[in-house]
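The values are calculated or read from the model by the stated rules, or taken from the named source; none is laboratory data. All of these numbers come straight from a predicted model, not from anything done at the bench. Using ideal geometry, Cβ is built from the backbone for each residue, glycine included, and neighbour counts are taken over all protein chains shown. Accessible surface is based on the protein model in full, side chains and every heavy atom, while ligands, DNA and RNA are left aside. Shrake-Rupley method; radii C 1.70, N 1.55, O 1.52, S 1.80 Å.
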Amino acid sequence: MPVGGKAGGKGMKHTMKKMVDERISKESNALLAKLYWVALVLQIAVLIVKLYLQAEMLRWALDVLIILAGLGVMITLRTVRSLWGKKDEVLKEMDNSVLSTSFGAMMWIALLGTFLLTFGDRENSTWYAPSLAPVLIASGVYTVLAIRRGMVLWGGEKNRRDGKKRLGKATVLGALFFGIVMGAEDCFVDGAFRFHGLVKILIMGAGWGGFFYGLMSLVISRGEKAANKAVAATETGEEAEE
């Protein structure tokens, strides 16, 4: 194959990859922007229910923190980037990015806060779990829609290998986290170490890790198929216009 042909082929692949990356980024931010408001409303609802049930302050403090974080990031970034008022297409994309970042802030605080409170105060864990529900629901909706729209993919063989390594590391950390949360209290009873507690940690962690890794691999595989169909449809449309 001529050098020019190879260069042209690489250039075409790079252009297509760039188009796919831009499409995924825009659609992802647009979707997360909508889910930000969903998560925020649900979080406020959780807070109202806890206040109605006259829960102690510690039991609803995390909900207040999540709400303030989501609103605080959104207001700050919108102000800094002058995104208040009517927006054209470019400003709308910028605003979607802001709301996507705000949703991310809510999620991390919800995850970290729920873990710390549950691990430190197991007796009241049933009060802390609902604080995580809004972002989990929104994330679940995002995952389903992202798969259908072809937004979840590795993006090339090298990215596939690197992505699997990152997924593996994340799975190990997540499995360790899950195992410790579920089995730590059985490791030490009356100040004495219990081997069966360690076994429980390993079993719980391995079970969660295997499920998570398999599920994410399946999700990304289906996402790539949907993405390939979307790209093929785009190419067909462009050829028809020509």
Subject >> Inter-label distance, nm, simple model (7 Å from Cα along the C-beta direction), L112/R81 >> reply: 2.2
**OP:** Report S25's accessible area, 1.4 Å probe, all protein chains in place, as a number in Å² to the nearest 10.
**Re:** 60
Original post:
Regarding region 55-107, what are the three Cα extents along the principal axes, ordered largest first, in Å?
Top reply: 45, 16, 14
Subject >> Two-decimal log10 I(q)/I(0) for region 18-86, as the Debye equation yields it once each C-alpha is a single scatterer, q = 0.14, 0.15, 0.16, 0.27 Å⁻¹ >> reply: -0.60, -0.66, -0.72, -1.14
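If each residue of separation counts as 0.36 nm, what is the full-extension length gain between A61 and V199 once their alpha-carbon separation is subtracted?
Working: separation 138, 0.36 × 138 = 49.68 nm, distance 3.45 nm.
So the extension gain works out to 46.2 nm.
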**OP:** Under 13 Å from the Cβ of S102, count the other residues' Cβ atoms, weight Lys and Arg +1, Asp and Glu -1, and hand me the total.
**Re:** +2
Subject >> Bins of 10 Å from zero: percent of alpha-carbon pairs in region 18-149 >> reply: 12, 39, 30, 15, 4, 0
**OP:** Starting at the first residue of region 44-57, write each ³J(HN,Hα) from the Karplus equation 6.51 cos²θ - 1.76 cosθ + 1.60 with θ = phi - 60°, in whole Hz, x for Gly and Pro.
**Re:** 5, 5, 4, 4, 4, 4, 5, 5, 5, 7, 6, 6, 5, 4
Original post:
Could the peptides 98-109, 46-57, 168-179 be put in order, highest first, of the mean number of other beta-carbon atoms found within 10 Å of their residues?
Top reply: 98-109, 168-179, 46-57
Subject >> Packing-based order for 200-210, 35-45, using average beta carbon neighbours within 10 Å, highest first >> reply: 35-45, 200-210
Subject >> Filter on K92/K165; K50/K200; K26/K86 - keep pairs with C-alpha separation over 24 Å >> reply: K92/K165; K50/K200
Original post:
Size of the dipole of region 26-171 about the Cα centre, Lys and Arg at +1 and Asp and Glu at -1 on the beta carbon, nothing else charged, in debye to 20?
Top reply: 640
**OP:** Step through the residues of region 100-109 one at a time and calculate ³J(HN,Hα) from phi using the Karplus curve (6.51 cos²θ - 1.76 cosθ + 1.60, θ = phi - 60°), rounding each to whole Hz and writing x for Gly and Pro.
**Re:** 5, 5, 5, 5, x, 4, 4, 5, 5, 5
Subject >> Label point distance in nm, F119-V189, each placed 7 Å from Cα along Cα→Cβ >> reply: 2.3
Subject >> Computed FRET value (nearest 0.05) for A133 with L218, which takes r as the C-beta separation and R₀ as 22 Å >> reply: 0.35
